[in-house]
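*Asks:* To start, I am sharing the structure in question, which I have written as structure tokens.
None of the figures in this text is laboratory data; all of them are computed from the coordinates on show. Values in this document were obtained by computation on a predicted structure and should not be read as measured data.
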Amino acid sequence: MKQGKGTFLQGLLFFSVLGVIFIMRCFHLFQLVVSCLAVLVATAGQVQAGVITYTDKTSFMAALASSSMDNFDNLPAGFFAGPHNRTVGAYTYQATAVNGFYRVGSGSDSWLSTNIATDPIEFTINAGGPTAIGGFFFATNLSGALTNSTVSVSINGGLFGQSVSTNSATNFFGWVSTDGTQISSLRVSTTDANTYPTVNDLILGQANFSAVPEPTSLAMFGIGASVAGITAARRRRREKQQKTTA
């Protein structure tokens, strides 16, 4: 009887240990799933409904098959009323601001800004059907000098947008379609008092669809990278533990 009872307890202990190991494995799997979902959500912030957001001009330009840039160097001096119609390459667009525009800039480099602080600039694309748009978006003060402010930029009626606090005249935002969706509008605004939304080097172009990854591909790549990173980290942890035990 004593031997039978001991065998039973050993078996119970064995299966208890197995149960603990199983629970730990499930917990690790749960952590892995949560990590993958976090990567997917983060990726979705940059890749949505066939449009990819860029914050780097070089990467943006690499995703285009063709482009035309409006550097605004031929703007009227000082104040001028809107709407203001412009043509750049194969594209025509209209810029509007409630209280008109003001030409500012640094030296020979002209920037498009508003006449009244915090008035947004609205761009409406009238011809050319671009599938990509980007540029430098920042804020200036009453004197037309660069200043720090939160700048918000959105396209297609606010469907896609970015916002950042910046005092850089090379703060870049760009959007590239992966499914042929045309860019029909762009809006630039600032939220801080006494700051004027300002634009330079507005780029309109056509996406190079062979160079632009599909949103689902980017999301899966992000998940795969996350899984690989977690697996590698666990492997290194196991190896370290084995060396410590040895």
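*Asks:* Skipping prolines and chain starts, which residues have an amide H placed within reach, meaning under 5 Å, of the one on F160, given they are 5 or more residues away or on another chain?
*Replies:* I155
*Asks:* Right, something else. Please list, ordered by chain and number, the residues whose modelled amide H lies under 5 Å from the amide H of Q182; skip anything fewer than 5 residues away on the same chain.
*Replies:* Here the answer is none, since no amide H 5 or more places off falls under 5 Å of that of Q182.
*Asks:* To continue, here is another question. Can you tell me the Rg and Dmax of the range 90-196, counting just the alpha carbons, in angstroms?
*Replies:* Cα only, the range 90-196: 13.7, 42 Å (Rg, Dmax).
*Asks:* Let me ask something else about it. Could you give me the ³J(HN,Hα) list for the range 105-119, computed from phi with Karplus coefficients 6.51, -1.76, 1.60 and θ = phi - 60°, whole Hz, x at Gly and Pro?
*Replies:* So the J values, rounded to whole Hz, are x, 10, x, 7, 8, 8, 10, 8, 9, 9, 7, 10, 4, 6, 5.
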